[in-house]
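The values are calculated or read from the model by the stated rules, or taken from the named source; none is laboratory data. Only a predicted model underlies this, so the values are computations on that prediction, with no experimental measurement involved. Glycine also receives a Cβ, built like all others from the backbone with ideal geometry; neighbour counts cover every protein chain displayed. For accessibility, only protein heavy atoms count, side chains too; no ligands or nucleic acids. Shrake-Rupley method; radii C 1.70, N 1.55, O 1.52, S 1.80 Å.
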Amino acid sequence: MTFDLDLIKKTYSQFPAKTEKARKLLGRPLTLAEKILYVHATDIPSSAFVRGKDYVDFHPDRVAMQDATAQMALLQFMSAGIPKVAVPSTAHCDHLIQAEIGADKDLATANEKNKEVYEFLASVSNKYGIGFWKPGAGIIHQVVLENYAFPGGMMIGTDSHTPNAGGLGMVAIGVGGADAVDVMAGMSWELKFPKLIGVHLKGKLGGWTSAKDVILALAGILTVKGGTGAIVEYFGEGTKSISCTGKGTICNMGAEIGATTSIFPYDEKMAGYLRATDRADIAELANGIADCLQADSEIVLDPSKYYDEVIEIDLDTLEPHINGPFTPDKAWKLSEFAKAVKENNYPEELKVALIGSCTNSSYEDIDRSAGLASQALLKNLKAKSQFTITPGSEVVRATIERDGQLDKLEKIGGVVLANACGPCIGQWKRNDIKKGDRNSIITSFNRNFAARNDSNPETYAFVASPEIVTALALAGSLTFNPKTDYLENEKGEKVKLDEPKGDELPRAGFLKDEHGYTSPASDGSKIQVNISEASDRLQALAPFAKWDGKDIIDAPLLLKAKGKCTTDHISMAGPWLKFRGHLDNISNNMFIGAINAFNEKANSIKNQLTGGYDEVPNVARNYKAQGLGWIVVGDENYGEGSSREHAAMEPRWLGGRAIIVKSFARIHETNLKKQGMLPLTFTNSADYDKIQEDDKLSIIGLIDLAPGKQVKLVIKHKDSSQDEIQLNHTFNESQIAWFKAGSALNLIASKSKVGV
Ligand code: SF4
């Protein structure tokens, strides 16, 4: 058994009393998301949480990590000195497997290339009580849906498509590694109480339309930013016609509209999926509190009274959609797409059609696509474009092999790839085109930003349901509409495809994956986690130094950043991702995207010691070698973007002491505090202009650092003149303790040593 039934029982036992308390507090019925959030809040205060405003501490039930992000999260966890994770947690090897030839060969290559990382993740998981899913076992979100998601639960995951678990009624949220570390260490996790968007599904899915089309249509309505800061909650009769895995697809792609997460109410489809995946006992428990696992009945009758925004989608009339290129919110109805292709001069020939991924690789998805493949074989059709199938898990792969779907898909020309992310995340070694060749592909994945799949910015990537992708593979053209158009078969005859059909769940049950999962040791105390000193991908973390108890005096200005300085500008992605487990190596990307306010250039700053200009990481390393802590000054909303702990760790590692800006993106501000840095803001934004290139900066008042109390910045200019200004901070008492300890982890470590 890989799930923890006692934990689920404990969570469910809290629903009746806590939801009743929240109902009284709010004086009105509750939505489903509100119920789950109030149940998981560490404390329900005397006044209700204000949506979009109040920061609330939660205790999630689970943590899930994918291999790329797990490396730094687990390195940090190790340095906390805690013997075992405080909540059930799992690590999944899926992102680092490159797709090139086919499942077996690609998996063998990945095992060789990433051996060191996999061995590290396996041993650290074993030691600290984390379930380990090996390469080839499946993609994190599919494996979580099959094994761990449960209605009414709350989970955080170090991947942006964690909300996939909303298909099983869970509030599941993508976070950065530092958040995962906190929760695994037993701390609470903070989130701004989200706004709520209600999506009323009417009618019933049918014909060529599938669950994917619900979210493709919604992306067109809300755009890539429309869900920001909100939970998308689906309700209405229409939800009942969508399979559990179809609901997962819809929730998965809520990430594409920026939603915090998405969620469906508990229903018979979820119960059926739980039973089919060997979790009948969870279905029983959920049935026992079924009323708590959906919005109160009054909500559905007058939704606009309770949600911040309500959108209606009629499944009876919903058309299949094709979204793209280059953005998932460019939504086209199938009937209008051929015209759009011609009018916009998109490359009409379809080069590659790809089905599967964490988004769309359920038994139902593959069965419906294989049904089309069966028709194709009977009607003498083969795929005209390249055609790949990425199963989401070994459970699905083995089952669709047994039940014959894979055979049919291969017979029309399909190539089965490893149960991994592969072409969805740029891990695709494409040999059919050169970089720069203009071409079209269509996938049943979720993201289609330029160069995401194959690193080629000239690849026009479109997103659609697996059924539409399969039909277009048979046509080899983007302009084919399977609802209305005919295809010419190998005998020169005109043939038409019938509507796709498929089973939601395998009639003979799912096959089990006996080899993909390793349970952690019950006592990991004797297990050694080995990290080679010579490794360029992994580096053990040494604790950051404690605060020396003094003010910061005459620190050189490293960089005055101008304009946008997101976590991407601070710690770039792309080729740097392979160093995610090696803080020193990845620090060579620190601030290389930020614009220097004095010369308007990226990665070119003055070294105050030499007077010459150099790259930012080099100058920082030079100061660090001389024992000089440095300071960065920034503009508005500094640190916006994904919650990447590297963007806070790198400055700390290379000797940064403080970041002083006009304003912070809150998550990054907290991340800086966690790493022992001082995030400070100008009391008067115009003081930003007082900072000059050769300034030396002193921060006075740290000895008396207290919540709400300003500190003083003394700015010494090159001409010996000086300015004195006040700076604000948002440290509370416990965060001040992080600063004094050198980092939040140092504090946890010191407490855990006391406790051991
Ligand atoms: S398949 Fe794609 S979207 Fe899904 S987890 Fe992997 S990279 Fe992310």
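Stokes-Einstein diffusion coefficient for region 571-708 at 37 °C in a medium of 0.692 mPa s, Rh from the Kirkwood formula over Cα pairs: what value in µm²/s?
210 µm²/s
Sorted from largest to smallest, which semi-axis lengths in Å does the alpha carbon gyration tensor of the chain give for its equivalent ellipsoid, taking the root of 5 times each eigenvalue?
44, 30, 26
Size of the dipole of the chain about the Cα centre, Lys and Arg at +1 and Asp and Glu at -1 on the beta carbon, nothing else charged, in debye to 20?
Values: 85 positive and 95 negative charges, 186 e Å.
Here the chain has a charge dipole of around 900 debye.
Where the convex hull is taken over the Cα atoms of region 195-325, what is its projected area averaged over directions, in nm²?
Values: hull surface 32.5 nm².
Hull-based average projected area comes out at 8.1 nm².
Rounded to a whole number of µm²/s, how large is the Stokes-Einstein D of region 365-457 at 25 °C and 0.890 mPa s, given Rh as the Kirkwood radius over C-alpha pairs? Mind dumping the intermediate values first?
On the way: Rh = 14.3 Å.
Using the Kirkwood radius from Cα pairs, D works out to 171 µm²/s.
Relative to the Cα centre, what is the charge dipole magnitude of region 509-561, using +1 at the beta carbon of each Lys and Arg, -1 at the beta carbon of each Asp and Glu, and rounding to the nearest 20 debye?
Magnitude of the dipole: close to 80 debye.
For the chain, build the charge dipole from Cβ charges (+1 Lys, Arg; -1 Asp, Glu) around the Cα centre, then report which of Asn684, Ile173, Ala473 sits farthest towards its positive end.
The residue sitting farthest along the positive end of the dipole is Asn684.
Among rounded, prolate and oblate, which fits region 1-76 when a ≥ b ≥ c are the square roots of the eigenvalues of its C-alpha gyration tensor, a/c under 1.5 means rounded, and a/b larger than b/c means prolate? Can you show the working numbers first?
Values: a/c = 3.00, a/b = 1.62, b/c = 1.86.
The shape class here is oblate.
May I ask which residue of Gly414, Gly129, Gly324 lies farthest towards the positive end of the charge dipole of the chain, with charges of +1 (Lys, Arg) and -1 (Asp, Glu) on Cβ and the Cα centre as origin?
Comparing the listed Cα positions along the dipole, Gly129 ranks first.
Per residue, how many Å² of accessible area does the chain show with a 1.4 Å probe?
37 Å²
Once the Cβ-Cβ distance between His717 and Asp498 is put in as r, and R0 is 56 Å, what FRET efficiency do you end up with, to the nearest 0.05?
Computed FRET efficiency for His717 and Asp498: 0.10.
Express in nm, to one decimal, how much length is gained between Lys740 and Lys709 on full extension, taking 0.36 nm for each residue of separation and deducting their alpha carbon distance.
Extra length from Lys740 to Lys709 when fully extended: 9.5 nm.
Provide the percentage of antiparallel DSSP beta bridges, counting only those with both residues in the chain; round to the nearest 5.
Expressed as a percentage, antiparallel bridges in the chain total about 40.
Please work out the ratio of the alpha-carbon Rg of region 419-479 to 2.2 N^0.38 Å and round it to two decimals.
1.08
Give me the percent of DSSP beta bridges within region 327-460 that run antiparallel, rounded to the nearest 5.
5 percent
Using alpha-carbon positions, what is the distance between the centroids of region 663-687 and region 129-154, in Å?
35 Å
Which of Lys606/Lys718; Lys351/Lys491; Lys601/Lys718; Lys709/Lys740; Lys202/Lys240 have a Cα-Cα distance over 20 Å?
Working: Lys606/Lys718 13 Å; Lys351/Lys491 23 Å; Lys601/Lys718 22 Å; Lys709/Lys740 16 Å; Lys202/Lys240 10 Å.
Result: Lys351/Lys491; Lys601/Lys718 exceed 20 Å.
Excluding residues on the same chain fewer than 8 positions from Lys712, give the aspartates and glutamates whose Cα lies under 16 Å from its Cα.
Reachable aspartates and glutamates: Asp551, Asp554, Asp687, Asp695, Asp704, Asp723, Glu724.
In percent, what relative contact order does region 459-604 have, based on Cα pairs under 8 Å that are 6 or more apart in sequence?
15 percent
Defining a contact as two alpha carbons under 8 Å apart and six or more residues distant in sequence, what relative contact order in percent does region 1-116 show?
Working: 79 pairs, mean separation 21.3, N = 116.
Once normalised by length, the contact order is 18 percent.
Over what distance in Å are the Cα centres of region 200-234 and region 405-456 separated?
About 24 Å separates the Cα centre of region 200-234 from the one of region 405-456.
How high is the relative contact order of region 687-750? Use alpha-carbon pairs under 8 Å, at least six apart in sequence, and give a whole percent.
Relative contact order comes out at 26 percent.
Where the centre of each part is set by its Cα atoms, how far does region 249-321 sit from region 709-756, in angstrom?
If you average the Cα positions of each part, the centres end up 44 Å apart.
Points 7 angstrom from Cα along the Cβ direction at Arg438 and Asn618: gap in nanometres?
About 4.0 nm, to one decimal.
For region 528-627, report the translational diffusion coefficient in µm²/s to the nearest whole number, using Stokes-Einstein at 10 °C, 1.306 mPa s, and a Kirkwood Rh over Cα pairs.
Diffusion coefficient, whole number: 103 µm²/s.
As a quick test, which of the pairs Lys35/Lys192; Lys662/Lys751; Lys674/Lys696; Lys247/Lys496 have an alpha carbon distance above 27 angstrom in this structure?
As for pairs spanning more than 27 Å Cα to Cα, those are Lys662/Lys751; Lys247/Lys496.
Taking all protein chains as present, what is the carbon and sulfur share of the accessible area of the chain, in % to the nearest whole number, probe 1.4 Å? Can you show the working numbers first?
Details: 13890 of 28020 Å².
Looking at the chain in its full context, I get 50 percent from C and S.
Which listed residue (Pro303, Gly404, Ser750) has the Cα farthest towards the positive end of the charge dipole for the chain, taking +1 on Lys and Arg C-beta and -1 on Asp and Glu C-beta about the Cα centre?
Ser750
Any idea what log10 I(q)/I(0) is at q = 0.10, 0.14, 0.19, 0.20 Å⁻¹ for region 1-155, Debye with uniform C-alpha scatterers and no solvent?
Cα-only, vacuum Debye calculation for region 1-155: -0.48, -0.81, -1.13, -1.19.
Can you list the HN-Hα couplings for region 24-40, worked out from phi with the Karplus curve (6.51, -1.76, 1.60; θ = phi - 60°), rounded to whole Hz and with x for Gly and Pro?
Here the 3J(HN,Hα) series is 5, 4, 7, x, 6, x, 10, 7, 5, 4, 4, 4, 5, 5, 5, 5, 9 Hz.
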